[in-house]
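To start, the structure under review is shown below, and the notes come after it.
Readers should treat all values here as calculations from the given coordinates under stated rules, not as data from a laboratory. Predicted, not measured: the structure shown is a model, and the values here were computed from it. No Cβ is skipped: glycine too gets one built from the backbone with ideal geometry, and neighbour counts run over all protein chains shown.
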Amino acid sequence: MAQDQNSKQNLTEKKPCLSGRGVTKVFGIGKQAMTAVDHVDFDFNEGEIISIVGESGSGKTTLSKMLLGLISVTEGTIEYQGKPRDISSAAKKKEYWKNIQPIFQDPFSSYNIFYKIDAVLDDCLRMRGKGNASEEEKIALKTEACSFVNLKYAELTNKYPFELSGGQMQRLMIARIFLLKPKILMADEPTSMIDACSRATILDMLLKLRDEINMTVIFITHDIGLAYYISDKVYIMEHGKFVESGTAEECIIHPKSPYTKRLISDVPKIYEKWDLDTVVNE
Ligand SMILES: Nc1ncnc2c1ncn2[C@@H]1O[C@H](COP(=O)(O)OP(=O)(O)O)[C@@H](O)[C@H]1O
Ligand SMILES: [Mg+2]
């Protein structure tokens, strides 16, 4: 799968979407100073699926918050579509946020609990400049977005997000992305809340969406197996630094850094045959 995606990527010319040089985040000052992200360089291209992989505390979420423009960058530069990213005013930030959208770890925290689902989707339409579209057009767009993720708009329209199951909520988040059509999707451990079966469905939906709108998808995960399955490019993060980066093939099948090798060896080998005799005897 990762190989197919790479060969497809190579056929088209790569346009830079988000790049960083020496990007650093230091929390606190003086003796309390803590470097969470330490001079990282990266080049994410249009339409690529990129995974940032590392153990808990390695700086993944801090980096994603800098990329989203939610926290300041202590040092270094970020370029968006080949130009220095400018989010110096509220208006510029708002414009940038039309292009980069997050999916959070916990779908429950992503919705205003007082908003019915219809209002959540209407908000997306407003953000896409469709706020004044006719009622028929709005309903058609919302119905299309819901059916893209196998949800029935007619059954959801009057419900509140907390009336949905975890899996339905995750799918609603993808329906939002379908409506917003951002250039970049930032997914911080997006599948951690759901079972393996819906997880595969969600991932397939995100891949389908990437193909449909040529979105750049940045996956933040501690799961190197998942990264191999979905990514064109992988960045391995340890103590705030990228210790290895390259195609999924280069990084995960032919890893060079001891840290990457350790992450790979931690993946349970589900294909190994169970020795039932030892299980019974223990
Ligand atoms: N707001 C903050 N203030 C101080 N330290 C922080 C803050 N946010 C994160 N950190 C620290 O930065 C390091 C990286 O955290 P984080 O980016 O959340 O890692 P990850 O997402 O890989 O688990 C951790 O040691 C964490 O305690
Ligand atoms: Mg995190």
With each pseudo-label sitting 7 Å past Cα toward Cβ, what's the PHE114-ILE29 distance in nm, one decimal?
3.7 nm
From the backbone phi of the range 60-65, what are the Karplus-calculated ³J(HN,Hα) couplings (6.51 cos²θ - 1.76 cosθ + 1.60, θ = phi - 60°) in whole Hz, Gly and Pro given as x?
4, 5, 4, 4, 5, 5
Counting only other residues whose beta carbon sits under 12 Å from that of LYS93, what net charge do I get with K and R as +1, D and E as -1?
+2
What list do you get for SER245, SER88 if you sort them by fewest beta carbons within 10 Å?
SER88, SER245
